[in-house]
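Here, each number is a calculation from the coordinates, and none is a lab measurement. For clarity, every value in this text was computed on a predicted model and none was experimentally measured. Because the Cβ atoms are built from the backbone with ideal geometry, glycine has one as well, and the counts that use them run over all protein chains shown.
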Amino acid sequence: MKSLPLYELPEEIGRLPEKMQALVIRREREGEPAQAMQLEELPLPPIGPNDALVLVMAAGVNFNGVWAARGKPVSVFQMHRDPFHVAGSDASGIVWKVGENVRRWKVGDEVVLHCNQSCGQCPECNGLDPMACTEQKIWGYETSWGSFAQFTRVQAQQLLQKPKRLGWLEAASYGLTYFTAYRMLVHQAQIKPGDDVLVWGAAGGLGVFAVQICRVIGANPIGVVSSEEKRELLRTLGCDRVIVRKGFDLAKREGETPEQTAHRLSETKRFGAALRELTGGKDPDVVFEHVGRQTFPASVFLAKRFGKIVICGATSGFNLEFDVRHLWMRQKQILGSHFCNAYQAERANRLVAEGKIVPVLDRVFPFPEGALAHQLMAENQHRGKMAIAVQCDPTGGAAR
Ligand SMILES: NC(=O)c1ccc[n+]([C@@H]2O[C@H](COP(=O)([O-])OP(=O)(O)OC[C@H]3O[C@@H](n4cnc5c(N)ncnc54)[C@H](OP(=O)(O)O)[C@@H]3O)[C@@H](O)[C@H]2O)c1
């Protein structure tokens, strides 16, 4: 059997075709996603004793696919030795084959995947946190064989039960960003009921979950977005306190003149006043950061005395400049955070299974249009999350 036809569930679960269809990035075509990601046929990935092969029903789109396509800031071909890269760090699917050491899962189980891989053998994996393992990698970004293919290879510890209440497309859409936001707020910043939490990009992939996590814990999210339309999306998620950032010139620019810096500072103060109007005069206990260069100086300024800035990314640039006096004089903390471990992913996944956290699926694409979905994300033309139908029906119906 060559590769399987798309959008169908094979009759015989566990039967392996010779090849699979995959959206592939190659070094020579790194660039904008629309050109970098192309459909090819590949052999199926071999699996090790602790691995599982999963038939991908649907795959979720994340910003790391944009980084991978562009080859910037780092080429994925510097991270692994495969001559091709299959991106994709979110999926829902069916376990199709398991390695000889795998006990907790069997062929036919319906799963979603978390994207952290680690060696599983070092003291860090076995006592501290797998995120501290020196071999820690994000599957589908720092490794190849990600979810934009008919089959994906994962470590069995990455498997989580698919929430029964969700269809394949929704189930594929939330893992990477939701689990990241969960670790940032619950474990790193340790938000508490009553905390005010300023969320940049609140209608984006991380943001839609950050505001929901705040609500579940009893904290108060204040969302920042760029349009009125996105304000409406936040309202449906229970976040009524929203600032539309277009009215403020906050962005830190390259090579600012002293006048530009003074203007930015006065704009930041004006933004702070708008924020305090929403909080009853309080500064935020926690700032949820992932925009990086353009917003970080404002984040450090705006957090309250003894407040926390928790950061996991830098969409607008990773060389950050800020006035450190605001940090030490007001004793604020900057906390780095990166994805999460399997235990945190499992705890977070239970909240989805219970319906307390809901995926926000903006758009669905058929498999051959996966590159287009990434291009829209690169151009910030999306809200919430996007998913790609691989073996499931792109119209949302079940494949069986
Ligand atoms: N370390 C990790 O584990 C991890 C995990 C997930 C994501 N990340 C990183 O986090 C970042 C965000 O990911 P995402 O999935 O949430 O992306 P996303 O869906 O594109 O959302 C990001 C949001 O940021 C806002 N934004 C963009 N540029 C901005 C600017 N200059 N100023 C203010 N807001 C701006 C946009 O919202 P508005 O235009 O509405 O303001 C956008 O919706 C990416 O860089 C990603 O690589 C890291």
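What Rg and what Dmax come out for the stretch 1-116 when only alpha-carbon atoms are used, in angstroms?
15.1, 43
Can you grab the distance from the C-alpha centre of the stretch 202-219 to the C-alpha centre of the stretch 9-30, Å, no decimals?
34
What Rg and what Dmax come out for the stretch 236-297 when only alpha-carbon atoms are used, in angstroms?
13.1, 42
Consider all pairwise Cα distances in the chain and report the whole-number % of them above 41 Å.
Tail of P(r) above 41 Å: 14 percent of Cα pairs.
Relative contact order for the stretch 178-336: what is it in percent, counting Cα pairs under 8 Å that are at least 6 residues apart?
Rounded, it is 21 percent for the stretch 178-336.
Counting other C-beta atoms within 10 Å, and keeping those with at most 15, which DSSP coil GluC sites (Glu not before Pro) do you find in the stretch 76-135?
In loop regions of the stretch 76-135 (DSSP not H, G, I, E or B), the sparsely surrounded GluC sites (Glu not before Pro) are E100, E135.
Among V56, V208, Q136, whose Cα projects farthest towards the positive end of the dipole of the chain, with charges put on the beta-carbon of Lys, Arg (+1) and Asp, Glu (-1)?
V208
Counting Lys and Arg as +1 and Asp and Glu as -1, what is the net charge of the other residues whose Cβ lies under 13 Å from the Cβ of R253?
-3
Given an 8 Å cut-off on Cα distances and at least 6 residues of separation, report the relative contact order of the chain as a percent.
Answer for the chain is 20 percent.
Which values, in whole Å and largest first, are the semi-axes of the equivalent ellipsoid of the stretch 61-164 obtained as the square root of 5 times each eigenvalue of the Cα gyration tensor?
Working from the Cα gyration tensor, I get semi-axes of 23, 19, 12 Å.
Only counting other Cβ atoms within 10 Å, I'd like V225, V216 sorted with the fewest neighbours first.
Least crowded to most crowded, the residues run V216, V225.
log₁₀ I(q)/I(0) of the stretch 101-225 at q = 0.09, 0.18, 0.21 Å⁻¹, via Debye over equal Cα point scatterers, no solvent, to two decimals?
-0.32, -1.12, -1.27
Counting Lys and Arg as +1 and Asp and Glu as -1, what is the net charge of the other residues whose Cβ lies under 15 Å from the Cβ of F77?
+3
Once the piece of chain linking E321 and N50 is laid out straight, how much longer is it, given 0.36 nm per residue of separation minus the C-alpha distance between them?
93.2 nm
Just going by the charge dipole of the stretch 178-336, with Lys and Arg at +1 and Asp and Glu at -1 on Cβ, which of Q294, V324, G255 is farthest out on the positive end?
Value computed over the given set: V324.
Based on the Cα atoms of the stretch 178-336, what semi-axes does the equivalent ellipsoid have, where each is the square root of 5 times one gyration tensor eigenvalue, given in whole Å with the largest first?
Its equivalent ellipsoid spans semi-axes of 23, 17, 15 Å.
Å³ per residue of the Cα convex hull, for the stretch 244-400?
Looking at the stretch 244-400, the number lands at 173 Å³ per residue.
Computed FRET efficiency, Cβ-Cβ of E40 and V74, R0 25 Å: what is it to the nearest 0.05?
0.65
Any chance you could run the full-extension gain for E228 through N101? It's 0.36 nm times the residue separation minus the Cα-Cα distance, nm to one decimal.
40.5 nm
Quote the FRET efficiency, to the nearest 0.05, computed for I217 versus E135 with a Förster distance R0 of 45 Å and r equal to the Cβ-Cβ distance.
So the FRET efficiency works out to roughly 0.90.
Can you give the FRET efficiency to the nearest 0.05 for E8 and A251, using r as the Cβ-Cβ distance and R₀ = 60 Å?
The value I calculate is 0.80.
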